[in-house]
Amino acid sequence: MTDANTTYDLVVFGATGFVGEILSRYLLDQADEDALKWAIAGRSQSKLDNLSKALGPKAAGLPQLIADATDEASLRHLCTQTRVVISTVGPYALYGDSLVKICAETGTNYCDLTGEVQWIRRMIQTHSARAEKTGACIVHCCGFDSIPSDLGVYYLQQEAQQQLGSFCDQIKMRLVKAQGGFSGGTVASGINLVKEASVDSEVRQALVDPYSLCPEASSAHTHPPVLIPVKYDKDFQEWVTPFVMAAVNTRIVLRSNALQQQPYSEKFQYDEGILTGGGAAGWFVAQGLKRSMEGLGLAAAFSPTRWLLENSIVPAAGSGPSVESQQNGFYDLRFLGRTNRGGKIQVQVQGDRDPGYGSTARMLGQAGISLAKDIPESAKGGFWTPAALFGDNLIARLEHYAGLTFKVVDVQTQDEW
């Protein structure tokens, strides 16, 4: 698809949903910076009208498009009008197939905020060849999962190459602190994943394999399980417990390495965890978080308890934290890498909004703008990761426009430690 065929730089599909509205508010302010031509899209004209009113005077005249996730004709009409589609319509495993298919067929760039690894794998297997032929660049996981992890590793590796003379073959990420809430959409995606795994052996097998999103030829199959055990982390001198989002983040980071022809190392290893403090108190917190995560997973696997979760415990779909909670949220991630020459480097990635919504909407918006403005015409189509396609350009955008910071906090050669 050529620029002459399109009216818009990007379209927000699912704009009337919880994240879609946050994203639309953000783009209203950002559009002037990038001279952005964009539109909002959804299946309900009345909801689009209500959203436009809620967005205020700046949204007067903002174009509106009608499209339904289950109607391929309407999706195709949408895609012929834009260079990029940003989708916030999830769970993607339930509602996302047709849009990815149409984008791949029409050569329309696409990004989303899914963390549903079983669906990502299915989309790659089904539509990768077509996207490569048409030139469509498709980038999943452009929210808190997995931009901070993927670009945090990328940033660390560039600094390691510059300051230590080689890439790190081992990196770990530790969540130091965070504040923010969960929405019904996020929980619904997780519950659907467990539901699929409980009845599909292929999904279960893919969830066990850390390389399940990597091209087969690049998978070294030497990586430990993505969810680490509770253990004492000597580098940070605190107990660490599994981070549930490692299930997608680790796979995206490994895929980035594979798509870049494994510059980090053919046997590169990466893990994520949550720091819970030192001493006995830290151990108890770590064990408690681990057991809570396991308990929720077990409850989601069985129909009666899954019904209870969906109907009386977790937030309703379309809901999420308040504007005040989003603005008061934050996160602090630390990445520590080691080279095979004995060097060690630590970097910090911080965000100034709650990770799941305030910050995610900004990251997703900048990924969409990058797809519209920063990708060279020579870029090959296919299924990319944030680090492999955007790299330094997106880091610069996130620091300038999205409230993220990337910085080196420590570098040591082997002699120094």
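Of the beta bridges in the chain, as assigned by DSSP with both residues counted there, near 50 percent are antiparallel.
With K and R counted +1 and D and E -1, the other residues having a Cβ less than 9 Å from that of Met173 yield a net charge of +1.
A straight chain from Ser265 to Asp32 at 0.36 nm per residue would run longer than the Cα-Cα distance by 79.7 nm.
In the chain, the longest principal axis of the Cα atoms and the axis of helix 117-134 are about 60 degrees apart.
Asp9: net charge of surrounding residues, Cβ under 9 Å, Lys/Arg +1, Asp/Glu -1, itself excluded? Summing Lys and Arg as +1 and Asp and Glu as -1 gives +2. Rolling a 1.4 Å probe over the protein heavy atoms gives the chain an accessible area of 43 Å² per residue. The alpha-carbon of Lys380 sits under 22 angstrom from the alpha-carbons of these lysines, leaving out residues fewer than 8 places away in its chain: Lys101, Lys133. Here Lys267 is the anchor, and the lysines within straight C-alpha reach of less than 16 Å, apart from those fewer than 8 places off in the same chain, are Lys172. A crude spin-label estimate for the pair Val208 and Ala281, with each label 7 Å from Cα along the Cβ direction, gives 4.0 nm. Highest mean packing comes first when the peptides 243-253, 74-84 are listed by Cβ atoms within 10 Å, giving 243-253, 74-84.
Once the Cβ-Cβ distance of Ser166 and Glu294 is raised to the sixth power relative to R0 = 51 Å, the FRET efficiency obtained is 0.85.
With each label modelled as a point 7 angstrom along the Cα→C-beta vector, the Ala379-Ser322 pair spans 3.9 nm. The value of relative contact order for the chain, using C-alpha pairs under 8 Å at least six residues apart, is 21 percent. Evaluating kT/(6 pi eta Rh) at 20 °C and 1.002 mPa s, with the Kirkwood radius of the chain over Cα pairs in the Stokes-Einstein relation, gives 98 µm² s⁻¹. Length gained on full extension, Gln125 to Glu399, computed as 0.36 nm times the residue gap minus the Cα-Cα distance: 95.3 nm. The C-alpha atoms of the chain define a longest principal axis, and helix 184-199 lies at about 70 degrees to it.
Distance from the Cα centroid of the stretch 1-77 to that of the stretch 128-156 is 22 Å (rounded to whole angstrom). Rounded to the nearest 10 degrees, what's the angle between the helix 97-106 long axis and the longest principal axis of the chain, both from Cα atoms, 0 to 90? In the chain, helix 97-106 runs at an angle near 70 degrees to the longest axis. Ordered from highest to lowest accessible area with the whole protein assembly present and a 1.4 Å probe, Met123, Met293 read as Met293, Met123.
Would you please give the FRET efficiency between Lys58 and Gln158, computed as 1/(1 + (r/R0)^6) with r the Cβ-Cβ distance and R0 = 45 Å, to the nearest 0.05? So, using R0 = 45 Å, E works out to roughly 0.75.
The values are calculated or read from the model by the stated rules, or taken from the named source; none is laboratory data. These numbers come from a predicted model, not from an experiment. Cβ sites come from the backbone with ideal geometry, for glycine too, and all protein chains shown count toward neighbours. Surface accessibility is based on the protein's heavy atoms, side chains included, excluding ligands, DNA and RNA. Shrake-Rupley method; radii C 1.70, N 1.55, O 1.52, S 1.80 Å.
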